[in-house]
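Student: After the structure tokens below, expect a handful of questions from me.
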């Protein structure tokens, strides 16, 4: 996903599918009246069905494509089975997603209008908030976002050399830097980092193939896509569209977007607490298991919350996966599980906790290391030792 993609939250994002009912030549983007004065700066991307972008995301190649539209937003899918719904501009986070291996399905509300950053002008700034929730993170999250158009500068990536607009977005503790290239409808490079630390995420453009349509004007740069690459994209598009879960995912994503839009119509007055996005319905939750015994020895007042699951066995598998992927951070630690009921009718979740620890600072350091690896981690008080 593109943020969380959370991208982490803060990242994170970060997360479309074939949608026959909403296909055709529909496009997503900004429009102005024919009599209006043309903007001086570049506008947000104007996406079309069939647009394909290939990135190298922190050393892993991933292909993303627009496979439909849900109202004013695009439905995306990548070649790793993740799908998401997101506005056309390059700074808005996804509003719903499925297939994310770390978060599970989830939704997110955006309070404000990130697209007001366009047309881009040096020094122009927008502020907005997000509130979200996911299957494996039922406590949810909230974050303040501030994005500023810094100015134009050259950038060189595997897809070539571009004149890009640098956009700096502060998302909580994470600084996300986006090098947006208006002519190709996407960014050439996106990095995420924390203060005084090197980037822990780098996503650079490798190739792109913009869909041709009679009413779509593309730059010479965008038209110069390699024929062989386009052929590979077309074959991959057909494979994605043939996946058996396509129809079900479309329905779930559309339902999530509709729910978010209904909630947005009921935003609270200024100064009132903002609601958290509602967790998507994925079927009846299995019956909660009895409260498990602690799996780690020793006592402590703090734990590192690594995720939430529906069963103790799923939490155990989650620990094994995380420990195997992060042996330098988790290899010498034990874990424990604890029941958690959010009290909103969704039932009981099983929290996975590394520890326990007798010192909050130790947990903070652990979470900092894991977050640098794009792993969710939060300090949690366990009460008296």
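Every read-out reported here was derived from the displayed coordinates using simple, explicitly stated rules and does not represent laboratory data. Owing to the predicted nature of the structure, the values given are computational and were not obtained by experimental measurement. Positions of Cβ are backbone-derived with ideal geometry, glycine not excepted, and every protein chain shown enters the neighbour counts.
Student: Over the residues of segment 302-381, compute the C-alpha Rg and express it relative to 2.2 N^0.38 Å.
Tutor: 1.06
Student: If packing is taken as the mean number of other Cβ atoms within 10 Å per residue, what is the order of 162-170, 64-72, 93-101, highest first?
Tutor: The peptides rank, most packed first, as 93-101, 64-72, 162-170.
Student: Still on this structure, I have one more. 7 Å from Cα along Cα→Cβ at both residue 195 and residue 183: what's the point-to-point distance in nm?
Tutor: 3.9 nm
Student: Please report the antiparallel percentage of DSSP beta bridges with both residues in segment 302-381, rounded to the nearest 5.
Tutor: Beta bridges within segment 302-381, antiparallel portion: roughly 100 percent.
Student: So if we plug the beta-carbon distance of residue 161 and residue 321 into 1/(1 + (r/R0)^6) with R0 = 45 Å, what FRET efficiency do we get, rounded to 0.05?
Tutor: 0.70
Student: Roughly how large, in nm² to one decimal, is the mean projection of the convex hull of the alpha-carbon atoms in segment 56-193?
Tutor: The orientation-averaged projected area of the Cα hull of segment 56-193 comes to 8.5 nm².
Student: Quick one: length gained pulling residue 301 to residue 361 fully straight, 0.36 nm per residue minus the C-alpha distance?
Tutor: Taking residue 301 through residue 361 to full extension adds about 20.4 nm, to one decimal.
Student: Give, in nm to one decimal, the length gained when the segment between residue 373 and residue 328 is fully stretched (0.36 nm per residue of separation minus the Cα-Cα distance).
Tutor: Stretched out fully, the residue 373 to residue 328 stretch lengthens by 15.1 nm.
Student: Please compute the length gained on full extension between residue 61 and residue 382, using 0.36 nm multiplied by the number of residues separating them and subtracting their Cα-Cα distance.
Tutor: Working it through step by step, the gained length comes to 111.6 nm.
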